[in-house]
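Bear in mind these aren't lab numbers, they're just calculated from the coordinates by the rules spelled out. Computed from a prediction, not measured in an experiment: that's the story for all the values here. Please note: Cβ atoms are built from the backbone with ideal geometry, for glycine as well, and neighbour counts cover all protein chains shown.
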Amino acid sequence: MNRISSTLRRFNKACRGNISVLTAFMLLPMFTAAGLAVDGARVMLLKYELQGAADAAALAVGTTFDTQEKLEALATSYVAQNFQLSGATVKSVNVQSTAESVKITANAEMKTYFMKLVRSEDISITAKTSVNRAGGGLMVAFVLDNTGSMWGALNGTTRIEALRSASLSLTSSIFNKDEETELRVSVVPYASMVNPGSVAPSIVDTTITDNFRIKDPQDRTGLDDDELEVLSYHATDKTQWKGCVYERLGDASFDDTPPATTKWEPLIWPIYNDNQYEVETSGSDLGEIDPDTVDPGGDRNSNHFTGPNVGCPTPITPLTGTRSEVVGALNAMTAWNRGGTFADIGMAWGIRTLSPGEPFTQSANYNDPKTGVAIWDSNRWRRAIVLMTDGDNTVYNAGNEGSRVQAGSESSDITGYGRLGEARMTSILGTSNSTTARNEVEDRLEDLCDEAKSQGITIYTVVFASSANTGTRQLYESCASDPGKYWFAPSADSLDNAFGAIGSELNKLRITR
């Protein structure tokens, strides 16, 4: 017993072999940790390899324009070629492609060696990458203020002259030659109305004879309805209809409803108190307009203008790849007094010149020279609008400007929405109050800017007036696609700088290789 007791006491005091016992207990956690480290390293390698493969795919797709199916096939091929990690499998490759950028999302799974001891699932890794495209075809609408205030003096020139100069410089910066295959430009001069130009006769309702005839609501004896002259479309004859239109009612006043569904109405300013041109009442010229009494404006800063086309600007130039056509349209621009400023009408027509629907179908009828599809449908082609104003939106009333422009009962001049207080404008703007009408025009412009952005149109805005109120500046800044695409340009030099910067931005959107 004494020997046993002594042996137990010695065993209790012994320290040799403790490490072996502890090691035995630690072997499983140590092997597990080592295994997890191995799998963890493989996970990091998986992430690295997959990211590199996705980057390579994005660079390849970024220089290619094709169908979604072909782009995804190309991206999958590049990922497969650049991802060769044993025990891992690519599960999916997704491509998001626009004219501006390409985004690749790749997913892969890897079988684990040791992690399966603590979890049964394979490891899944996702890699994302994006690249900006080098460029593409470009369609752009110049939506430019041609209202009477553009006659304003500006350091030895006028605002309209400064606008012509800046616009011509912008045109020169984006056209490399007279005929371009990767560029289409439209010009939309606006005032209180817009002139669709040569397409106008095909989009108006010519059965509306009350608006298509010279008709005086006052008592003018000597003419009956059969003797009233029916005007015809003529772009240069100041006694005939020049092409301006009354805007349509409801949603059609700003959307792309085709004219086959809802037509416009010809805007002919009849003989009123504020528009006293003459119609012959006797002789062989019975019923014809006396051209000596017609002075439609566009040649000087005055509100003393008369005729069926007062305030009607130069016509829209649809999308064209010919520099000389754009230059001709810009050189023809001038300022048109009367009516006011309705930038929302200009913006609506600017969008119409880009969109594929009637009345301007150039983006549907011109095919991308590289892909063969219509440029509106081609993901190679980018869309842009340059919207410029020289002041606040306003409804104007000329009042008394002499014997032929006399103040009467009218609350405003005629505009693309008709007159303030009359049925057409009340229906479209919902008010007969001039301040509320201006606010509604601004709301409509804001909605149109949002609509353009939703169609993938990049918007550049310029306010060319030191007198524009804070609300106008904020409106145009919010209309721009981002704050860097808005310019406040109170001088001719700053307008040149703004248009120069826009030209540089537009060139970045085009292919240079």
Additional length obtainable on full extension of the chain from Asn439 to His234, 0.36 nm per residue less Cα span: 70.3 nm
Evaluated at q = 0.20 Å⁻¹: base-10 log I(q)/I(0), Debye formula over Cα of region 347-434: -0.96
Principal axis dimensions, region 295-409 - Cα atoms, whole angstrom, descending: 61, 26, 24
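Give the dimensionless ratio obtained when the Cα radius of gyration of region 378-513 is divided by 2.2 N^0.38 Å.
On the way: Rg = 18.3 Å, N = 136, 2.2 N^0.38 = 14.2 Å.
So region 378-513 has a normalised radius of gyration of 1.29.
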Descending principal axes extents, region 224-285, alpha-carbon based, whole Å: 46, 25, 24
Cα-based reach from Lys47 at 19 Å (exclusive), listing aspartates and glutamates while leaving out same-chain residues under 8 positions away: Asp39, Asp55, Glu109, Glu121, Asp122
Built amide H within the under 5 Å cut-off of Ile385, gap 5+: Ala141, Thr458, Ile459, Tyr460
Efficiency of FRET from Cβ geometry, Asn507 and Asn331, R₀ 22 Å, rounded to 0.05: 0.45
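Would you mind getting me the FRET efficiency between Leu59 and Asp251? Use the beta-carbon distance for r and R0 = 51 Å, nearest 0.05. Let's see the in-between values first.
Values: r = 44 Å, r/R0 = 0.85.
The calculated FRET efficiency here is 0.70.
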Cα pair distances in region 336-388, grouped into 5 Å bins until the bin that holds the longest one, percent each: 4, 19, 22, 18, 14, 10, 5, 4, 2, 0
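Tell me, what is the Rg over Rh of region 425-477, with Rh the Kirkwood radius over Cα pairs?
Values: Rg = 12.9 Å, Rh = 12.5 Å.
Radius of gyration over Kirkwood radius for region 425-477 works out to 1.03.
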Ser130-Ala73 FRET efficiency (beta carbon distance; Förster radius 30 Å; 0.05 resolution): 0.95
Relative frequency of Cα-Cα separations exceeding 14 Å in region 445-513, percent: 61 percent
Amide H contacts of Arg184 (H built 1.01 Å from N, under 5 Å, at least 5 apart or other chain): Leu138, Met139, Val140
Centre separation in Å (Cα based) which lies between region 327-387 and region 404-478: 20 Å
Candidate lysines for bridging to Lys453, where Cα separation is under 30 Å - those fewer than 8 sequence places away on the same chain excluded: Lys70, Lys103, Lys128, Lys177, Lys263, Lys370, Lys485, Lys508
Segment Ser172-Asp450, length gained on full extension (0.36 nm per residue, minus Cα span): 97.2 nm
